[in-house]
1. Quick one: which residues, 5 or more positions from B:Ala317 or on another chain, have an amide H under 5 Å from its amide H? H modelled 1.01 Å from N in the peptide plane, none for Pro or chain starts.
2. If you take every DSSP beta bridge whose two residues both sit in the protein assembly as shown, what share of them, in percent to the nearest 5, is antiparallel?
3. Among A:Asn42, A:Ala29, A:Ala58, whose Cα projects farthest towards the positive end of the dipole of chain A, with charges put on the beta-carbon of Lys, Arg (+1) and Asp, Glu (-1)?
4. Please check which bits of the range A:41-69 a label hung off B:Glu214 would reach, taking the label as a point 7 Å along Cα-to-C-beta and the cut-off as backbone N under 17 Å.
5. Could you compute how much accessible surface A:Met69 exposes when probed at 1.4 Å, giving the result in Å² to the nearest 10?
6. Protein chains only, probe 1.4 Å: how do B:Leu28, B:Leu75 rank by accessible area, largest first?
7. Amide H neighbours of B:Thr592 under 5 Å, counting only residues 5+ apart in sequence or on other chains, H built in-plane at 1.01 Å?
8. So, in Å, what gap is there between the alpha-carbon centers of the range B:450-510 and the range A:4-80?
Amino acid sequence: MPDLLPEIQDIFRDIFDEESLVITRESNASNVADWDSLAHVNLVTAIEKKYKIKFALAELQELKNVGDMIDLIEKKLAEK
Amino acid sequence: MNLHSYSLDELLLKRRGLRRRLLATDGLKEIRIAVLGGTTTNELVDLLELLLLNSGFRPTFYQSDYGRYYEDAVLEPQTIADFQPDLVYVHTCSLNIQSPPPVSCSEDKFGTYVESEMNRFRAVWRSLEANVGCQIIQNNFEPPASALLGNLDAASPGGLSRFIAELNRAVAAEAATNPRLLLQDLNAIAARIGMNQWFDPERWFSYKVANTVEGSFGVATSLNAMIGAMYGRSRKVLVLDLDNTLWGGVIGDDGADKILIGRETPIAEAYTAFQEYCLALRERGILLAVCSKNDESIAKSGFAHPDSVLKLEHFSAFKANWEPKHENILAIAQDLNLGVDSFVFVDDNPAERAIVEGQIPGIAVPDVGSDVSKYASILDARRYFEATSLAKEDLTRAKLYEENAQRAQLEQKFANYGEYLDSLEMTAEIDVFNPTYMERVAQLTNKTNQFNLTTRRYTLAEIESTVSDGRHIGIYGKLTDRFGDNGLISIVLGRVDPNDRSVLHLDLWLMSCRVLKREMEIAMLDAIADRARERGIGTLLGYYLPTAKNGMVKDHYEKLGFSLVSNEQGAGATTWSLDITNYAARSRHIRTMEKVNA
């Protein structure tokens with residue numbers, strides 16, 4: 001499976017309207033400016049739309065950083 | 001930039017960037033909106049903001065904290081009042097219902113549960129009316145996420161489905177009698193999307209957003225249309241192509257007897273249904289016009305077809321020739337005295353759509369495709385013709401324009417214009433603002449763009465306060481002639497100078513274009529001067545504030561004999577003065593009825 005990080009970074013750049021934003025697997029709500037609960041809703045929705053997946057309630061609670069998000073997306077895509 | 005070319009996914013993803021670009025647009029109208037939510041409203045507000053920017057508004061929002069619509073409105077209304085909103089939107093959903101009847105509820109008790117729930121909402125509206133005093137939009141309720149009793153849920157007094165249906169009926173009854181309260185039909189929005197695509201339990205439990213993104217977008221789209229309608233920005237004219245739009249086939253090639261219309265084939269039925277849809281629009285006040293590349297007499301023969309629902313007399317303008325369509329549409333706009341930004345153009349031909357859209361800024365050209373069975377639903381979904389109320393004027397508008405066409409024919413027969421005006425046998429009723437016409441007055445201030453000296457918009461509440469504060473003289477004019485009643489068509493609002501009570505500032509002077517060149521403005525001047533002199537006023541000060549649309553009244557005050565006082569208020573704004581100490585009535589062609597109110 002290709003590395004999803006660049007694509008996820010593009011989503012972040014669009015959502016935050018910040019062309020030079022750099023995202024790593026360790027990025028999380030405390031070290032990315034503007035990543036508040038409202039932006040989180042937008043991010044999750046955008047990712048669900050892009051990959052045509054739907055996160056379950058329990059899965060959403062487990063996400064601690066971008067790395068978790070990518071792993072979860074890969075898992076959901078593999079299940080499809 | 002036009003948002004219509006973006007998918008919802010793209011809108012969500014690129015929202016901040018789109019917002020940044022739209023905010024750079026010139027001439028956006030400021031609007032302040034308080035959103036009181038029973039759910040988290042941020043996503044809805046984000047989408048609404050984009051749509052409003054795209055419609056020419058620059059919104060500023062106040063949002064209640066999650067779920068605090070009742071507390072904010074009833075217990076702490078001052079916070080909202082301090083925000084000074086133009087509009088309060090109360091966004092609640094079925095999950096916010098607090099006193100549903102128990103399953104065991106009897107038929108006798110059912111009504112008390114409805115009343116109890118309604119009283120909570122009435123308290124919200126009453127408090128907003130008393131403390132904030134602006135327009136309120138309240139949505140009704142979508143069906144419940146689950147129907148516990150199955151089909152019985154809709155019939156039993158203990159069923160939530162029936163309870164919600166009853167609440168919706170009660171909210172509609174309130175909105176129908178209270179002009180300050182507008183109903184948003186959330187129930188229909190959710191139904192069109194489909195309840196399974198509307199409700200999203202994960203989002204509800206995680207973020208307290210009750211519905212899907214598609215749901216939020218549906219609500220935002222509908223709200224955008226309602227706000228446009230409040231400010232008179234709804235579309236007024238539907239311009240239609242003929243071949244393969246109003247009937248199947250090419251009339252010039254196939255002949256009038258071979259076009260597809262009527263009930264004989266499925267395709268003919270679909271064209272008939274679309275014609276019926278257009279006729280229904282006309283009956284609620286939308287003007288119809290034809291713009292077709294055709295020979296005029298051949299084009300007209302299509303409406304003589306016995307199965308054609310639409311007849312020639314239903315069209316307020318008819319252009320069938322070989323000139324480019326955008327030129328014809330501009331000519332139609334001139335004939336009807338309406339701006340092209342109130343036009344919607346429907347054509348099955350994508351090339352014609354593209355050129356019209358490209359050549360005429362502001363016209364709406366929906367991509368209707370080429371399948372006639374879809375035209376009506378596509379037009380419906382874009383909500384071009386949204387109205388906040390149906391005034392009597394709306395229901396008779398098409399007829400008025402028809403009468404105008406007859407007047408134009410008559411005009412050609414007279415030696416001089418005065419003789420023509422006399423032949424119209426015009427009678428005016430001019431009077432101070434009174435409760436019967438308050439709504440129409442407010443409506444006119446918001447939708448008149450061309451004959452409008454200052455283009456100041458007033459809410460119903462603001463108009464009402466000009467009567468109660470004793471510092472204003474506001475008059476309306478109605479005009480009847482031998483062809484019919486033009487309705488309430490002119491308003492002049494004067495404000496007594498607080499420092500010099502002999503001076504009246506004319507804050508507003510507007511007139512509907514359907515009575516242009518009838519000397520109604522002279523009759524209005526007589527009336528305002530008369531009433532001003534009764535109050536000891538000696539000077540009228542008139543103002544012209546130029547906009548993109550009101551060039552036609554640039555010389556209004558000069559023509560009425562006012563003298564120029566200054567033109568230094570910036571780009572083209574002028575101030576005019578008229579001494580009325582010895583004013584004598586000037587109107588010669590309009591008989592004015594005795595005034596009823598002082």
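1. Those qualifying (amide H under 5 Å, at least 5 residues apart or on another chain) are B:Val290.
2. Values: 34 of 77 bridges.
The antiparallel fraction comes to roughly 45 percent.
3. Value computed over the given set: A:Ala58.
4. Answer for this model: A:45-55.
5. 0 Å²
6. Working: B:Leu28 30, B:Leu75 115 Å².
Largest accessible area first, the residues go B:Leu75, B:Leu28.
7. It is B:Ala428, by chain and number.
8. When both Cα centres are located, 56 Å separates them.
The values are calculated or read from the model by the stated rules, or taken from the named source; none is laboratory data. Only a predicted model underlies this, so the values are computations on that prediction, with no experimental measurement involved. For neighbour counting, all protein chains shown are included, and Cβ atoms are generated from backbone atoms with ideal geometry for every residue, glycine included. Areas reflect the complete protein model, heavy atoms only, side chains present, ligands, DNA and RNA absent. Shrake-Rupley method; radii C 1.70, N 1.55, O 1.52, S 1.80 Å.
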